[in-house]
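The values are calculated or read from the model by the stated rules, or taken from the named source; none is laboratory data. Just so it is clear, the model here is predicted, and its values are computed rather than measured. For neighbour counting, all protein chains shown are included, and Cβ atoms are generated from backbone atoms with ideal geometry for every residue, glycine included.
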Amino acid sequence: MPDLQGFGPALLEGTWMTIRLSLAAVSVGLLFGLLGASAKVSNNVFARGLGGFYTSVVRGIPETVWVLMIYFGTVSAFNALGAYFGYPRFSLSPFVAGTLALALCFGAYATEVFRGALLAIPTGQKEAGLALGLSNWRIFYRITLPQLWRVALPGLGNLYLILLKDTALVSLITLDEIMRKAQAAANSTKEPFTFYLLAAGIYLFLTVFIMGALHWFENRANRGYVRTEL
Amino acid sequence: MILAEKWALIERFLPQLWDGTLVTLQLVGLAVLIGLFVAIPLGLARASRHWYIRALPYSYIFFFRGTPLLLQLFLVYYGISQFQVVRDSFLWPYLREPFWCALITMTMHTAAYIAEILRGAIQAVPPGEVEAARALGMSKRQALQHIILPRAIRIGLPAYGNEVILMLKASAVVYTVTMMDIMGVIRTINSRTYEYELFFMVAGAMYLIITLVFTQLFRLVERWLKVDASRQSR
């Protein structure tokens, strides 16, 4: 075990911040993804165009740019908005900006995952719902959504692992997560290799933990289904 | 600021933006090319049937896919200078340059992903074709060279194209080690003009355009290699 020179608790705090950030971003991102997928499979031309625009633009621009753009690029807009309500110094906190940026990127990829899952659900079920007199919302909530989860889970799991690594980018806008805590420790101890390697170990540990959790969720979602085996 | 003024401002910085684009393209291009060559032995070893041959590439891939590129970059650029041995070695003139650190990190990072793509592609080659090659009297090496690899390249090409685009986007972090890539230039312009909204949008547009061009290029290559045809015959 390397000598942490008193930076152990700081790294743990950073880990907790990374976990919180990733969970916040994934919650908002799932919502974006569901909205995006609904727009993309909708009958409305305008909604389809909007969904297509969202996925192609967001996926074509680096996560780093989104993080910096949402944090630095919105300062004057939010200041103006705040001034209107009497809080001239109103702006996004690094946590909120990071959550929004990561959710935006996660949502764009999740849109494709959800779209694929939506198409995998037989249309006969929707028609059956209509025949039974269910409303569109109720069909979505009672029939589509519970099955969507099962089909989309493996894809979403991969996206969550990618999101976890992208949280490191939020250190660029001064959020105190693992990366930034490691940076602070590296600077003051002059042992960058030790602390960056330790940070890498934490990311790997989180990855393994999440992979285990996803495995459990997938098994749970697939109970009652026979798995296709080659 | 009216539109014409904004455009004039962007126009003033066009030479720098162009230089930044070249740095980004150079880094990504070299990384994905060298990465491909590093990945070939990795991917082959990863697809081996012996666990002791699989183990090393597996841990390499696990490390590079499981940690952020930003962290790997810091580990190489700031981290290895912690050791006196490195600072005394003949490699130090390279390892203290941000360009070489960025290139080494990106190459090792993308090699891990490409190796996985290769492994998937190799394992997707229909076993019947390999058996047919062996039955025709090809040695294992010949079968690899004439049957498995050409087939795997076509199967893996679309995924490789995606990886190039992912690397293009991932490369946006190299400005943190003082590289003057697109983001590096944008950050410098921002600190001079304070036009954050405008120039982040310019950065986004530049990456978007490069992504679109790359997508089209790969579509052409796929058509040239007849990726679809080999898919149909399966």
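General remarks:
- Scanning segment B:150-182 for residues that are crowded, with 19+ Cβ neighbours inside 10 Å, hydroxyl-bearing (Ser, Thr, Tyr) and either within 14 Å of chain A (Cβ to nearest Cβ) or outside any helix (DSSP H, G or I) (or both) turns up B:Ser171, B:Tyr175, B:Thr176.
- Segment B:199-209, residues that are more than 7 Å from chain A (Cβ to nearest Cβ) and either surrounded by fewer than 19 Cβ atoms within 10 Å (Cβ to Cβ) or modelled with pLDDT under 90 (or both): B:Met201, B:Ala205, B:Ile209
- Yes/no for B:Pro41 being modelled with pLDDT under 95, within 23 Å of B:Gly156 (Cβ to Cβ) and surrounded by 15 or more Cβ atoms within 10 Å (Cβ to Cβ): no
- Among all residues of segment A:206-225, there is at least one that is closer than 20 Å to A:Pro9 by Cα and modelled with pLDDT of 90 or more.
- Looking across segment A:47-65, just one residue is crowded, with 21+ Cβ neighbours inside 10 Å, at the interface with chain B (Cβ under 8 Å from one of its Cβ atoms) and closer than 13 Å to A:Gly107 by Cα, and that is A:Glu63.
- Test: A:Ser22 is over 30 Å from A:Leu197 (Cα atoms) and of a type outside the set (Asp, Glu): no
- Residues satisfying the stated conditions in segment A:178-192, i.e. within 11 Å of chain B (Cβ to nearest Cβ), buried (at least 19 other Cβ atoms within 10 Å of the Cβ) and touching a Phe, Trp or Tyr at 6+ places or on another chain (Cβ under 9 Å): A:Ile178, A:Met179, A:Ala182, A:Gln183, A:Ala186, A:Pro192
- Any chance A:Leu119 is in contact (Cβ under 8 Å) with a residue 12 or more places away in the chain, over 19 Å from the mean Cα position of the chain (by Cα) and surrounded by fewer than 20 Cβ atoms within 10 Å (Cβ to Cβ): yes
- Within segment B:130-150, the residues that satisfy the criterion of being charged (D, E, K, R) and under 17 Å from B:Ser48 (Cβ atoms) are B:Lys140, B:Arg141.
- Count of segment A:130-173 residues, restricted to those that are more than 13 Å from every other protein chain (Cβ to nearest Cβ) and over 13 Å from the mean Cα position of the chain (by Cα), is 25.
- Of the residues in segment B:111-125, none is part of a helix (DSSP H, G or I), over 17 Å from B:Leu44 (Cα atoms) and not basic (Lys, Arg).
- Restricting segment A:103-116 to residues that are more than 14 Å from A:Leu145 (Cα to Cα) and of a type in the set (Gly, Ala, Ser), the residue that is nearest to the chain's Cα centre (by Cα): A:Ala103
- Of everything in segment B:64-93 that is aromatic (Phe, Trp, Tyr) and buried (at least 17 other Cβ atoms within 10 Å of the Cβ), the residue that is farthest from A:Arg180 (Cα to Cα) is B:Phe64.
- Pairs where the first residue, in segment B:71-100, is more than 14 Å from chain A (Cβ to nearest Cβ) and the second is of a type outside the set (Phe, Trp, Tyr), C-beta under 7 Å, 6+ apart: B:Trp92/B:Val86; B:Pro98/B:Val177; B:Pro98/B:Thr178; B:Pro98/B:Met179; B:Phe99/B:Met179
- Any hit, segment A:66-76, residues being surrounded by 13 or more Cβ atoms within 10 Å (Cβ to Cβ), away from every other protein chain (no Cβ under 14 Å) and either of a type in the set (A, V, I, L, M, F, W, C) or closer than 16 Å to A:Leu35 by Cα (or both): no
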